[in-house]
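Below is one structure, written out as structure tokens, with a few remarks after it.
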Amino acid sequence: MRDDLDQQFAGFGAELPPVAWASPTEIRRRGDRRRLVRTAATGAAAVLLVVTGVSTAMALGGGSAEPQPGASPQVSASAGVSDIPSTALLTPADIGAGVELMPGEVDDPRYDSVARCQSEGMWDGTPKAPVAGYAVRRTAAYRLDPARQTAEYTQWVGGYASAELAAQQLAHDRAGFEHCALLDMGGGFTHSFTISETGFAGDESLLVTFVVKMPDKPDRTFLYATFRVGAVYAVIHNREGTSPAEVRQLAVRAAERICATMAVC
Amino acid sequence: MSPPSFDEFYLSSRQRVLRYVYAVNGDLQDAQDVLQEAYARAWQHWGRIGDYGDPEAWVRTVAYRIAVSRWRRTKSALTAHRRHGAEPAAPAPDENTVALVTALRGIPEDQRRAIVLHHLAGRSVAEIAAETGVAEGTVKARLSRGRQALAPLLRTETTGRRHA
């Protein structure tokens with residue numbers, strides 16, 4: 001049956017009618033629209049939460065004034081972070097000569113192999129990530145090669161309602177790297193995480209080495225730096241070939257920028 | 001070694017993935033729509049996907065999920081539409097392809113996916129297990145049952161068409 005089926009499939013679709021393919025530009029535009037819609041939806045949800053919170057506070061306090069239009073989400077200073085200014089993020093020059101900023105948002109840090117390891121029962125996800133998640137975030141993507149369409153460096157910065165919540169997030173991520181240190185992805189692919197260094201930036205930090213092993217191809221190695229400064233948690237992904245010393249230096253610079261521009265240190 | 005750009009990846013893989021989606025969902029027009037959505041999602045996450053080994057498997061998986069979701073949502077409406085004699089929007093593929101697609105639609109979804117990944121996309125049992133998130137033994141069982149289920153359908157389809 002195997003041979004019969006292989007034979008049946010050999011010519012499968014060889015004579016498919018002409019297909020009117022969308023151009024790569026159109027596909028990318030469609031993807032960008034999805035990203036914008038998702039970002040707008042997230043923003044709308046955040047605004048809704050803030051308005052709900054304000055209304056509840058007003059009701060409890062007996063106030064009657066409407067919330068001011070355009071008022072930005074406020075978390076009390078003692079509670080954590082309510083805004084991340086763009087100056088809190090690395091500039092292209094911080095990373096190196098010839099580096100430029102790219103348009104668009106960077107996705108929230110998510111490690112597919114960690115998620116898979118969790119779904120396969122290798123890790124129960126403890127300590128848990130904070131249920132409330134971050135209150136605000138700001139991201140930046142950078143590239144060295146202007147012809148590239150994908151970022152070579154990214155920085156993700158999340159502001160939490162308290163330093164404890166940010167620490168909880170970092171502890172969760174750290175446990176994920178530790179419990180899912182080596183994952184067989186099948187087909188000869190493996191993903192591995194190693195926490196190579198700690199304590200080099202901010203209040204606490206991790207330098208994570210992520211290695212993808214592929215059959216018949218050279219290994220690929222990426223370095224991540226994750227660190228916390230007060231109620232701010234940040235993740236920097238680096239282009240392949242970046243040395244640990246460079247990654248540490250970038251993380252230190254990024255932590256300094258956060259300290260210099262936000263009241264979290 | 002640098003990863004392919006999104007445009008290169010899209011242009012070089014789309015025809016292969018189209019055949020896969022078409023084999024799974026049996027509707028060429030719908031397969032095209034599904035695929036464009038899957039590639040748009042790939043572009044959204046390209047910073048991560050582009051660097052990780054097998055972006056084509058990622059697109060296949062996403063396309064499959066979209067196809068299944070659409071198929072379940074529109075199944076009854078589509079059935080009613082076809083019952084009333086509506087013509088497919090796209091021209092039909094060649095006779096053998098149509099026969100195979102028709103037979104594939106006669107077997108369960110999981111078996112169909114395993115059969116198509118193995119025989120059309122050329123994936124090993126281990127790779128199918130990784131891509132579909134099940135154990136290798138489950139993949140072997142689906143392939144075996146799928147082949148058994150397909151055998152009579154293919155004979156019927158082929159015989160029917162040859163003698164039509």
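The values are calculated or read from the model by the stated rules, or taken from the named source; none is laboratory data. Here the structure is a predicted model, which is why all the values come from computation and not from measurement. So basically every Cβ, Gly included, is an ideal-geometry build from the backbone, and we count neighbours across all protein chains shown.
Some notes on this structure:
- Selection count where residues are small (Gly, Ala, Ser) and either within 12 Å of chain B (Cβ to nearest Cβ) or assigned to a loop (DSSP other than H, G, I, E, B) (or both), scope the range A:141-161: 4
- Looking across B:ASP30, B:ASP7, one residue alone is at pLDDT 85 or above and either part of a helix (DSSP H, G or I) or crowded, with 21+ Cβ neighbours inside 10 Å (or both). It is B:ASP7.
- Any hit, the range B:90-97, residues being modelled with pLDDT of 75 or more, loosely packed, with under 15 Cβ neighbours inside 10 Å and not assigned by TED's automatic domain parsing to the domain that holds B:ARG19: no
Results for (1) under 18 Å from A:PHE189 (Cα atoms); (2) surrounded by 22 or more Cβ atoms within 10 Å (Cβ to Cβ), shown as yes or no for each residue.
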{"position": "B:THR102", "(1), (2)": "no, no"}
{"position": "B:GLY106", "(1), (2)": "no, no"}
{"position": "B:ARG112", "(1), (2)": "no, yes"}
{"position": "B:ILE115", "(1), (2)": "no, yes"}
{"position": "B:ARG123", "(1), (2)": "yes, yes"}
{"position": "B:ALA149", "(1), (2)": "no, no"}
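- Filter pass, B:VAL24 being at pLDDT 85 or above, at negative phi and either assigned to a helix (DSSP H, G or I) or at the interface with another protein chain (Cβ under 10 Å from one of its Cβ atoms) (or both): yes
- Set A:THR194, A:THR242: member being in the same structural domain as A:TYR134 (by TED's automatic domain parsing) and assigned to a loop (DSSP other than H, G, I, E, B): A:THR242
- Test: residue in the range B:61-79 that is within 16 Å of B:TYR20 (Cα to Cα), modelled with pLDDT of 75 or more, in contact with a Phe, Trp or Tyr (Cβ under 8 Å, 6 or more places away or on another chain) and not in a helix (DSSP H, G or I): no
- Evaluated against (1) farther than 30 Å from B:SER124 by Cα; (2) under 15 Å from the mean Cα position of the chain (by Cα); (3) aromatic (Phe, Trp, Tyr), A:PHE222 falls short on exactly one condition, (1).
- All of (1) surrounded by fewer than 21 Cβ atoms within 10 Å (Cβ to Cβ); (2) in contact (Cβ under 8 Å) with a residue 40 or more places away in the chain; (3) not basic (Lys, Arg) hold for A:SER243 with one exception: (2).
- Odd one out for B:GLN29 among (1) closer than 22 Å to B:ASP110 by Cβ; (2) more than 7 Å from chain A (Cβ to nearest Cβ): (1)
- Per the listing A:ALA129, A:ALA135, the residue uniquely farther than 16 Å from A:LEU89 by Cα, surrounded by fewer than 19 Cβ atoms within 10 Å (Cβ to Cβ), within 16 Å of the chain's Cα centre (by Cα) and assigned by TED's automatic domain parsing to the domain that holds A:ILE95 is A:ALA129.
- Residues that are more than 16 Å from the chain's Cα centre (by Cα) and not in a strand (DSSP E or B), drawn from the range A:169-191: A:ALA175, A:GLU178, A:HIS179, A:CYS180, A:ALA181, A:GLY187, A:GLY188
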